[in-house]
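Q: Here it is, the structure in full.
The values are calculated or read from the model by the stated rules, or taken from the named source; none is laboratory data. Computed from a predicted structure; not experimentally measured. Positions of Cβ are backbone-derived with ideal geometry, glycine not excepted, and every protein chain shown enters the neighbour counts.
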Amino acid sequence: MFENISLAFQGIWGHKLRSFLTMLGIIIGIASIITIVSTIKGTNDQIKESLIGSGTNAVTVQLSQSGSAYDMSWQGPPAGVTPVSEETLAELAGLDNVVAASLFSVRQVYDAAVCYGSASWSGYLYGVDENYFAAAGYRRTAGRGFLPEDFAAFRKVAILDGTAASVLFGSASPVGEVLEVRGEPFTVVGVVDRAAAGQFAIETYRDYEMYYGDSSNGRVFIPLGDWPIVYRFDEPQGVILKAASTDDMTRIGQQAEDLLTASQISADAAQDGFAYQSDDLMEQAAKIQELSNATNNQLLWIAGISLLVGGIGVMNIMLVTVTERTREIGLKKAIGARKRRILWQFLTEAAALTSIGGILGVAAGVGLSRFIASAMGTPSAVSYPAIAVAVLFSMLIGVIFGMIPAVKAANLNPIDALRRE
Amino acid sequence: MLLEMRDICKNYPQGREVVKILKHVDLTIDQGDYLAIMGPSGSGKTTLMNLIGCLDVPTSGTYRLDGEDVSKASENRLADVRNSTLGFVFQSFYLLPKLSARENVALPLLYAGVKKRERLRRAEEALKMVGLGERIDFMPNQLSGGQQQRVAIARAMINRPKLLLADEPTGALDTASGRQVMDLFDELNENGATIVLITHEPKVGARARRLRRILDGALLPEEGSENDGEA
């Protein structure tokens with residue numbers, strides 16, 4: 001075997017130009033595949049990274065009617081949908097790979113105002129439990145968070161996000177100021193911000209609502225226990241679940257949807273189109289990735305055709321090689337080489353030829369994708385499994401397309417082979 | 001008895017006809033024999049050489065080589081027999097141009113499964129035996145015709161074959177080189193090698209100890225049998 005490989009390399013080296021031209025088809029095919037795969041992976045990695053960074057794997061599950069988020073600000077709480085119980089929340093928290101589970105209520109407010117000041121604010125008011133900020137991926141930037149005592153004593157305290165803070169208080173610190181919401185005074189104790197902002201694909205109104213709709217004027221958070229002070233006791237809440245890894249998000253979202261829809265929504269309400277819907281960032285990522293994959297998959301097929309052409313080129317040259325080396329084959333058979341050995345010799349040579357072509361193609365592909373990435377500003381990432389597959393696949397092409405020439409060589413009759421000049 | 005052919009026939013289809021190349025050939029060769037088979041071209045001597053050399057199988061008849069009936073052996077078995085029992089010397093040498101003299105000589109040992117170091121050591125020894133100890137790393141195109149043929153003889157002897165087959169070994173050589181090659185055959189035979197030589201040159205045939213003529217596919221009775229006994 002080792003002997004065959006070293007002989008094969010000698011043979012290839014002995015015909016440098018011819019070998020290179022033969023490999024060219026394989027080199028081009030593999031290089032284009034590596035380029036395409038690197039671009040796909042680069043784009044997908046970028047999408048995934050920006051989403052992971054922004055969302056900290058948060059899956060939001062909210063009440064919806066007929067496919068779009070149900071806003072209680074307009075119609076009030078719907079009939080036949082019950083608030084989420086502690087038990088249901090515990091059940092959600094117990095799903096596989098859920099790190100944190102949090103309940104929240106949300107409504108639009110139009111008349112919040114700073115006490116002893118002139119600024120007023122309209123935006124989204126959130127009633128949140130103690131896990132909310134961690135689950136939704138918020139970071140404290142000023143003051144403090146909600147304390148257990150705040151929840152226990154129903155203290156009227158509020159936390160603003162950065163946008164709301166700047167709308168209401170400009171550059172001054174909001175901590176310690178008092179905010180009036182629906183006639184009730186809430187003391188501002190802290191400011192939070194999203195850990196990072198991501199780019200989202202906005203394809204439906206629901207996507208817009210989910211990512212931008214309620215953030216134009218920012219958000220104000222109050223303890224969930226205080227919600228009945230400003231609104232009602234029986235309002236159904238939304239749930240935020242933090243997944244252990246990005247890959248779990250879609251599954252967790254679906255399980256939570258099923259669980260909440262089954263436990264909270266009566267048959268009548270279901271008839272009216274009420275359901276819990278999740279919108280996780282992975283789903284978003286998948287949408288964008290699908291789009292770029294669809295076009296790139298077509299490119300991969302085209303690159304595959306150039307590999308096929310390359311393989312036929314290899315077969316052609318191997319047939320020429322077998323003819324040229326008829327006497328060598330005849331002699332080897334005369335001095336005792338078995339059929340199988342001749343077969344292996346030529347298969348090895350074809351496979352070595354295409355493997356070298358594959359390795360050169362990988363190098364060219366990596367270089368080309370780097371060049372394209374820097375020239376056009378598109379992302380690119382080297383996929384090591386793709387490289388391994390490309391090299392193995394080019395070796396396989398050599399074996400497949402080298403088969404006919406190798407069989408022809410192995411079947412040569414030594415007498416005829418020696419007689420041929 | 002090293003080799004025994006009984007009633008060997010070989011036919012080749014040629015268009016619709018069947019051409020009888022060999023007709024009822026009987027031949028025996030003993031250990032240590034030095035036999036020349038002589039005949040004009042078209043007499044069937046090359047076909048006979050191919051059969052003796054296990055490169056082909058007879059249409060009918062039996063052929064026992066070194067105690068084994070090889071007239072119906074499989075292709076793989078024939079390859080093994082060629083490798084272990086036979087050594088070939090051809091008119092046009094058939095050295096592989098990309099391999100050095102030593103690598104050419106070592107080639108049959110590769111198929112016998114001998115380790116590389118051992119192969120090269122034995123090849124060097126064989127080259128010394130044919131008087132080319134100084135040129136072991138020369139490429140074939142750096143050697144004269146006579147030297148190339150001696151490399152080919154070293155290759156044929158490397159597996160210590162029971163039978164050395166030479167097909168017109170001097171056909172491509174000038175007289176002086178041809179004589180050297182024939183001297184080498186004499187020497188090998190004196191050291192115990194069994195040799196079958198196929199030629200159409202009477203001078204070459206005369207160097208052998210036994211002579212059989214072949215004409216129109218039939219072996220003529222042996223002339224002046226000086227060496228009928230066991231060797």
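Q: Taking A:Ile265 as meeting all but one of (1) buried (at least 20 other Cβ atoms within 10 Å of the Cβ); (2) over 24 Å from A:Ala93 (Cβ atoms), write down the number of the exception.
A: Unmet condition: (2).
Q: List the number of the failed condition for A:Val109; all other conditions in (1) aliphatic (A, V, I, L, M); (2) within 24 Å of A:Arg251 (Cα to Cα); (3) in contact with a Ser or Thr (Cβ under 7 Å, 6 or more places away or on another chain) hold.
A: (2)
Q: Among the residues in the stretch A:18-25, are any touching a residue at least 60 places away in the same chain (Cβ under 8 Å), crowded, with 22+ Cβ neighbours inside 10 Å and under 26 Å from the mean Cα position of the chain (by Cα)?
A: The answer is no; no qualifying residue exists.
Q: Check whether at least one residue in the stretch B:155-172 is more than 20 Å from the chain's Cα centre (by Cα), in a loop (DSSP other than H, G, I, E, B) and on the phi < 0 side of the Ramachandran plot, and report yes or no.
A: Going residue by residue through the stretch B:155-172, those that are more than 20 Å from the chain's Cα centre (by Cα) are none.
Taking every residue of the stretch B:155-172 in turn, none turns out to be more than 20 Å from the chain's Cα centre (by Cα), in a loop (DSSP other than H, G, I, E, B) and on the phi < 0 side of the Ramachandran plot.
Q: Right, next: What tally of residues in the stretch B:57-89 results from selecting those that are part of a loop (DSSP other than H, G, I, E, B) and charged (D, E, K, R)?
A: The first filter runs over the stretch B:57-89 and keeps only residues part of a loop (DSSP other than H, G, I, E, B), leaving B:57-59, B:66-67, B:70-74, B:85.
From the residues that got through so far, the ones that are charged (D, E, K, R) too are B:66, B:72.
Final tally of qualifying residues: 2.
Q: Within the stretch B:42-63, restricting attention to residues that are surrounded by 17 or more Cβ atoms within 10 Å (Cβ to Cβ), away from chain A (no Cβ under 14 Å) and among the small types (Gly, Ala, Ser), which residue is farthest from A:Arg419 (Cα to Cα)?
A: B:Gly61
Q: Moving on. From the list B:Val25, B:Val81, B:Val70, B:Val18, which residue is β-branched (Val, Ile, Thr), more than 14 Å from chain A (Cβ to nearest Cβ) and touching a Cys at 6+ places or on another chain (Cβ under 8 Å)? Working first, answer last.
A: Working: B:Val81 fails: more than 14 Å from chain A (Cβ to nearest Cβ); B:Val70 fails: more than 14 Å from chain A (Cβ to nearest Cβ); B:Val18 fails: touching a Cys at 6+ places or on another chain (Cβ under 8 Å).
Of B:Val25, B:Val81, B:Val70, B:Val18, the one residue that is β-branched (Val, Ile, Thr), more than 14 Å from chain A (Cβ to nearest Cβ) and touching a Cys at 6+ places or on another chain (Cβ under 8 Å) is B:Val25.
Q: Follow-up question, since we're still on this one. Looking at B:Lys203, is it over 24 Å from B:Lys98 (Cβ atoms) and without any contact (Cβ under 8 Å) to a residue 24 or more places away in the chain? Full working, then the answer.
A: Working: over 24 Å from B:Lys98 (Cβ atoms): yes; without any contact (Cβ under 8 Å) to a residue 24 or more places away in the chain: yes.
So B:Lys203 passes the test.
Q: Ok, one more. Filter the stretch A:2-17 down to the residues that are surrounded by 12 or more Cβ atoms within 10 Å (Cβ to Cβ) and either among the aliphatic types (A, V, I, L, M) or in contact with a Pro (Cβ under 8 Å, 6 or more places away or on another chain) (or both), then identify the one that is nearest to the other protein chains (Cβ to nearest Cβ).
A: A:Leu7
Q: Among the numbered criteria (1) surrounded by 16 or more Cβ atoms within 10 Å (Cβ to Cβ); (2) in contact (Cβ under 8 Å) with a residue 40 or more places away in the chain; (3) more than 10 Å from chain A (Cβ to nearest Cβ); (4) not in a loop (DSSP other than H, G, I, E, B), which single criterion is violated by B:Leu107?
A: (3)
Q: Right, here's the next one. Looking at the stretch A:159-166, can you tell me whether even one residue there is at pLDDT 85 or above, buried (at least 16 other Cβ atoms within 10 Å of the Cβ) and closer than 20 Å to A:Asp279 by Cβ?
A: yes
Q: While we're on this one: What number of residues in the stretch A:83-112 are touching a residue at least 24 places away in the same chain (Cβ under 8 Å), of a type in the set (Ser, Thr, Tyr) and in a strand (DSSP E or B)?
A: 2
Q: Please verify whether B:Asp137 is in a loop (DSSP other than H, G, I, E, B) and either surrounded by fewer than 16 Cβ atoms within 10 Å (Cβ to Cβ) or not acidic (Asp, Glu) (or both), treating the condition exactly as stated.
A: Values: in a loop (DSSP other than H, G, I, E, B): yes; either surrounded by fewer than 16 Cβ atoms within 10 Å (Cβ to Cβ) or not acidic (Asp, Glu) (or both): yes.
Yes, satisfied.
Residue-wise test of (1) over 25 Å from B:Ala36 (Cα atoms); (2) more than 12 Å from every other protein chain (Cβ to nearest Cβ).
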site: B:Asn76; (1), (2): yes, no
site: B:Val89; (1), (2): no, no
site: B:Asn141; (1), (2): yes, yes
site: B:Gln149; (1), (2): no, yes
site: B:Ala152; (1), (2): no, no
site: B:Lys162; (1), (2): no, yes
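Q: Looking at the structure I just gave you, is A:Val239 over 20 Å from A:Ile30 (Cα atoms), crowded, with 17+ Cβ neighbours inside 10 Å and modelled with pLDDT of 85 or more?
A: Working: over 20 Å from A:Ile30 (Cα atoms): yes; crowded, with 17+ Cβ neighbours inside 10 Å: yes; modelled with pLDDT of 85 or more: yes.
Considered against the rule, which asks whether it is over 20 Å from A:Ile30 (Cα atoms), crowded, with 17+ Cβ neighbours inside 10 Å and modelled with pLDDT of 85 or more, A:Val239 comes out as yes.
Q: Read through the list (1) out of contact with any Leu (no Cβ under 8 Å at 6 or more places or on another chain); (2) buried (at least 16 other Cβ atoms within 10 Å of the Cβ); (3) of a type in the set (A, V, I, L, M), then give the number of the only condition that A:Val320 fails.
A: Only one criterion is unmet by A:Val320, namely (2).
Q: Pull out all pairs, ordered by first then second residue, where Cβ-Cβ is under 6 Å, the residues are six or more apart or on different chains, the first lies in the stretch A:136-157 and is in the same structural domain as A:Val189 (by TED's automatic domain parsing), and the second is in a loop (DSSP other than H, G, I, E, B).
A: A:Gly137/A:Thr56; A:Gly137/A:Ala195; A:Arg139/A:Ala195; A:Ala142/A:Val175; A:Gly143/A:Val175
Q: Any residue at all in the stretch A:288-302 that is farther than 30 Å from A:Gly361 by Cβ and charged (D, E, K, R)?
A: Here is the first cut: in the stretch A:288-302, the residues farther than 30 Å from A:Gly361 by Cβ are none.
Looking for residues that are farther than 30 Å from A:Gly361 by Cβ and charged (D, E, K, R), one finds none in the stretch A:288-302, hence no.
Q: Going through the stretch B:64-84 one residue at a time, which ones are crowded, with 21+ Cβ neighbours inside 10 Å and touching a residue at least 60 places away in the same chain (Cβ under 8 Å)?
A: Of everything in the stretch B:64-84, those that are crowded, with 21+ Cβ neighbours inside 10 Å and touching a residue at least 60 places away in the same chain (Cβ under 8 Å) turn out to be B:Leu65, B:Asn83.
Q: Kindly provide the set of residues from the stretch B:28-41 that are away from every other protein chain (no Cβ under 14 Å) and in a loop (DSSP other than H, G, I, E, B), ordered by number.
A: If we filter the stretch B:28-41 for residues that are away from every other protein chain (no Cβ under 14 Å), which is where we start, we get B:28-40.
The answer is B:Asp30, B:Gln31, B:Gly32, B:Asp33, B:Gly39, B:Pro40.
Q: Checking A:Val230 against (1) farther than 30 Å from A:Val181 by Cα; (2) assigned by TED's automatic domain parsing to the domain that holds A:Tyr126; (3) among the hydrophobic types (A, V, I, L, M, F, W, C), which test does it fail?
A: Failing condition for A:Val230: (1).
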